[in-house]
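K.L.:
Quick one: structure below, then a few questions.
The values are calculated or read from the model by the stated rules, or taken from the named source; none is laboratory data. Treat the numbers as computed from the prediction; the structure is a model and nothing was measured. Don't worry about glycine lacking a Cβ; one is built from the backbone with ideal geometry, like all the others, and counts go over all protein chains shown. For accessibility, only protein heavy atoms count, side chains too; no ligands or nucleic acids. Shrake-Rupley method; radii C 1.70, N 1.55, O 1.52, S 1.80 Å.
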Amino acid sequence: MPADRRPAGGAAPGTPALSVRGLRKSYGDTTALDRVDLEIAQGTIVGLLGHNGAGKTTLMSLVAGLRRPDAGEIEVLGRSMARDARRARRELGLAPQELGIYPPLTVRQNLRFFAELAGLRGRAARQRIEEVAEPLALNALMDRRAAHLSGGEQRRVHTAMALVHRPGLVLLDEPTAGVDVETRARILAHVRELAAQGTTVCYSTHYLPEIEELAADVVVLHRGRVLTRGGVDELVRRHGDSAVELVFSGEPPALDLPWPVTRHGDRLRVRVEQPQLVTGRILAALGDAAAGLSALRVVKPTLDSVFLRLTAGTPGPDAGEDRNRDERTGAVRHG
Amino acid sequence: MGDSALNRMTALVRQDIRLLLRDPAPLLIRTVMPLVIMGFMQPLFRAALQAGGAGTDVNGAEQGVPGMAVMFLFFMMNVVGFAMFREHGWNTWDRLRAGTARPVELLAARLVVLLAAAVLQLTVIFVAGGLLFGLRVSGSWLALVVVALPLALSVVMLGMALVVLCRTISQLSVVANILALVFAGLGGALTPQSAMPDWAVPFAPFAPSHWAMRGFNEAILHGGGVPDVLLPAGVLCLFAAGLAAVTLVFFRAEDRKLSWS
Ligand SMILES: Nc1ncnc2c1ncn2[C@@H]1O[C@H](COP(=O)(O)OP(=O)(O)O)[C@@H](O)[C@H]1O
Ligand SMILES: [Mg+2]
């Protein structure tokens, strides 16, 4: 029964909520996704991070079965999108990037429609609608027409519509784009609650603090490729730019150190793995020049710097064009 | 129970009824306008019928009521188009596709509601024609129904075929409005079939409206019963089937359609 189904929809406990292998998609000459592999374990949150045009929306629409991949396999809780699309879709809730609601209808009618489509009726539907409305603070808006709501309120309705059928895997495509602070906080809090209840969430954004706030696993998507994957701390440790920064009142002196030193106007930046352990040695190396020092700062790496560093100057999928073409012949056909 | 095709269809039909009730104006206008035109044109229709040899006891409603009903029914293709295109304008089409409903279910549910609306529109115009303009049916009312149902179906299917073939709502509305006028002329809805210009006569059988008017005239003017309208009703069914085939062949659920923008 859909009404009291477990979030995972009866899939075996070890089955990934989402498994994507060798996914490729081009629009004409534009390669939007190039050999993307992605696995998401049940009950976890994955932040899909990438600039505009990285392929986030394309990936989500392929997973939701809105477009057919050129090659590759997609399984939602063990169900193949190519061979068993309807079972796969039953486990899936998509809140697309663009607001998709019925403006002439009330919030309740919008939610009820999606509940009814999923086979919920009467009491079960009403109860489920309450359940999704409450955490997104929609209760007071239920009888208002969607057209008359603020942008943030509409966005919450839009998100709630993806949740009424209790999907095991929720795809939220930039759910906080253009919303107010309160709505952002609501949505983020609810994503954490969903994961705590066992729902898997794939959350796309180009806004880094959100991923840090969600404590999500990060998948960095860049020009159609997965660049890296890991926890926020892990990525920061692996790819972060930690440094000691020295500000001088006059001209910065030359420094002789075993680490790379760069000069930016009145300051010097020393790139080191663990800056807090080496400040003494840096000060010693300054010698007399320490008199001109006006400030010393330990620069902690942020996800921001990791992201910028990872995506700077990485060749896009177009660079390997010829190779791609060769491999395409042997590609698994989808659909 | 649960997630069945019937449940999904019911949900989709209920949704379309809600949306129709939210904004019934387009349908109301297409029901009221033929009656207004009828009010002004009745004497002209009477003269035309008499000149065509229909005898002296006709009052004009015999031509005007079915004629205007047919003409304005074809304008309903716009309503069909809007019902499909607005889902693209609201970005809800992809949300529906991401759910478990099959694309064909999405079309079929819409068809049910639009067909009901078309039948309702015809019913109101014929009933109002009887009450306001003294329409008398010399043959069988049932024969009218036998023509009206496949007529409504072919109009809705024509609208669906246009939805599938057009990329923007403005393309659709241009084609729909021109087709509605051409069909009204060719079918003998605008003027009696007896008064049609010679050049138009050979083209008339290609218009579904021609068969609709033939069936209606048979029942209203010539005392026809159900057996007398089976041919026109059958041809209308063929039109509907042909248009359904066009719709299914060219329908791509993933096509982007431009609504307003
Ligand atoms: N319908 C489309 N037709 C042509 N190109 C597209 C289409 N959708 C996306 N693209 C292109 O594919 C690439 C990936 O886009 P998208 O998946 O929307 O990225 P993101 O969501 O990360 O911003 C971009 O280069 C974009 O221009
Ligand atoms: Mg996007």
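K.L.:
Along the range B:14-21, what does the Karplus equation 6.51 cos²θ - 1.76 cosθ + 1.60 (θ = phi - 60°) give for ³J(HN,Hα), rounded to whole Hz, x for Gly and Pro?
P.N.:
The phi angles translate into 4, 4, 5, 5, 4, 5, 5, 6 Hz.
K.L.:
Let me ask something additional. Hey, what number do you get for chain B at 222 nm if only DSSP H runs of n ≥ 4 count, each worth -39500 (n - 2.57), divided across all residues, to the nearest 500? Intermediate values should be presented prior to the final figure.
P.N.:
Working: 10 runs with 188 residues, N = 261.
It lands at -24500 deg cm²/dmol.
K.L.:
Here is a further query. For q = 0.19, 0.22 Å⁻¹, what log10 I(q)/I(0) does the range B:151-204 give under the Debye formula with an equal point scatterer on each alpha carbon and no solvent?
P.N.:
Normalising to I(0) and taking log10 leaves -0.72, -0.85.
K.L.:
While we're on this one: Whole number in Å², please: accessible area per residue of the range B:1-56, 1.4 Å probe, ligands, DNA and RNA not counted.
P.N.:
Normalised by residue count, the accessible surface of the range B:1-56 is 55 Å².
K.L.:
If you don't mind, another one. Can you tell me the orientation of helix A:181-196 relative to chain A, as the angle in degrees between its alpha-carbon axis and the longest Cα principal axis, to the nearest 10?
P.N.:
Helix A:181-196 sits at roughly 70 degrees to that axis.
K.L.:
Can you bin the range B:143-237 into rounded, prolate or oblate? Criterion: square roots of the alpha carbon gyration tensor eigenvalues sorted a ≥ b ≥ c, rounded for a/c under 1.5, prolate for a/b above b/c, oblate for the rest. Please report the intermediate quantities before stating the final value.
P.N.:
Numbers: a/c = 2.79, a/b = 1.49, b/c = 1.87.
Because a/c hits 1.5 or more and a/b fails to exceed b/c, the range B:143-237 counts as oblate.
K.L.:
Ok, one more. Counting only protein heavy atoms, what percent of the accessible surface of the protein assembly as shown is carbon or sulfur at a 1.4 Å probe?
P.N.:
59 percent
K.L.:
May I pose another question? Using the alpha-carbon centroid of each, what span in Å lies between the range A:242-263 and the range A:104-147?
P.N.:
59 Å
K.L.:
Per residue, how much accessible surface does the range A:61-119 expose to a 1.4 Å probe? Answer in Å², no decimals.
P.N.:
Value returned for the range A:61-119: 30 Å² of accessible area per residue.
K.L.:
Now for a separate question. Taking the Cα atoms only, what angle lies between the long axis of helix B:169-187 and the longest principal axis of chain B, rounded to 10 degrees?
P.N.:
The two axes meet at around 20 degrees.
K.L.:
What whole number of Å gives the distance from the Cα centroid of the range B:166-196 to the Cα centroid of the range B:122-159?
P.N.:
Value for the Cα centre distance between the two parts: 18 Å.
K.L.:
Per residue of the range A:208-215, what does 6.51 cos²θ - 1.76 cosθ + 1.60 with θ = phi - 60° give for ³J(HN,Hα)? Whole Hz please, x for Gly and Pro, Karplus curve as stated.
P.N.:
Rounded to whole hertz, the list is 5, x, 5, 5, 4, 5, 7, 6.
K.L.:
Using only the Cα atoms of the range A:241-300, build the gyration tensor, take square roots of its eigenvalues as a ≥ b ≥ c, and label the shape rounded, prolate or oblate: rounded if a/c is under 1.5, else prolate if a/b is larger than b/c, else oblate.
P.N.:
Cα axes put the range A:241-300 in the prolate bin.
K.L.:
So, one more: In terms of the ratio Rg/(2.2 N^0.38 Å) built on C-alpha atoms, what value belongs to chain A?
P.N.:
Working: Rg = 24.1 Å, N = 335, 2.2 N^0.38 = 20.0 Å.
Compactness ratio reported: 1.20.
K.L.:
Round to a whole angstrom and tell me the spacing of the C-alpha centers of the range B:7-38 and the range A:158-197.
P.N.:
Using only Cα atoms to place each centre, the spacing works out to 34 Å.
K.L.:
Further question on the same structure: Using only the alpha carbon atoms of the range B:3-250, find the Kirkwood hydrodynamic radius as the inverse mean reciprocal pair distance, in angstroms to one decimal.
P.N.:
For the range B:3-250, inverting the mean 1/r across all distinct Cα pairs yields 18.6 Å.
K.L.:
Straight-line reach from A:K56: which lysines have Cα under 19 Å away, leaving out those fewer than 8 places along the same chain?
P.N.:
A:K25
K.L.:
Another question about this same structure. Given all pairs of different Cα atoms, what value in angstroms does the Kirkwood hydrodynamic radius of the range A:104-161 take?
P.N.:
Numbers: mean 1/r = 0.0901 Å⁻¹.
It is 11.1 Å.
K.L.:
So, one more: Stick to Cα atoms and the Kirkwood definition of Rh, then tell me Rg/Rh for the protein assembly as shown.
P.N.:
Values: Rg = 32.6 Å, Rh = 28.3 Å.
Value, to two decimals: 1.15.
K.L.:
Assigning unit charges at the beta carbon (Lys, Arg +1; Asp, Glu -1) and nothing else, what dipole magnitude in debye, to the nearest 20, does the range B:1-136 show about its Cα centre?
P.N.:
260 debye
K.L.:
Oh, and also: Sticking with the crude label model, points 7 Å out along Cα→Cβ, report the distance from B:Q171 to A:Y27 in nm, one decimal please.
P.N.:
It works out to 1.8 nm between the two label points.
K.L.:
What FRET efficiency comes out for the pair A:L277/A:T44, r = Cβ-Cβ distance, R0 = 30 Å, nearest 0.05?
P.N.:
Working: r = 34 Å, r/R0 = 1.12.
That pair, A:L277 with A:T44, gives E of 0.35.
K.L.:
Okay, moving on. Report the B-A buried area as the accessible area lost on both sides summed, probe 1.4 Å, in Å² to the nearest 100.
P.N.:
Between B and A, the summed buried area is about 2800 Å².
K.L.:
Evaluate E = 1/(1 + (r/R0)^6) for B:I178 and B:S138, where r is the Cβ-Cβ distance and R0 equals 41 Å; express this FRET efficiency to the nearest 0.05.
P.N.:
0.75
K.L.:
Testing the spin-label approximation: label points 7 Å from Cα along Cα→Cβ at A:A196 and A:L293. State their distance in nm.
P.N.:
4.5 nm
K.L.:
Can you work out the FRET efficiency for the pair B:F251 and B:A25, with r the C-beta to C-beta distance and R0 = 30 Å, to the nearest 0.05?
P.N.:
0.60
K.L.:
Using a 7 Å offset from the Cα along the Cα-to-Cβ direction at both B:A195 and A:E245, what is the distance between the two label points in nm, to one decimal?
P.N.:
Here the answer is 8.7 nm between the modelled labels.
K.L.:
I've got another one for you. Quick check: convex hull over the Cα atoms of the range B:181-246, volume per residue in Å³, rounded to an integer?
P.N.:
Roughly 86 Å³ of hull volume per residue.
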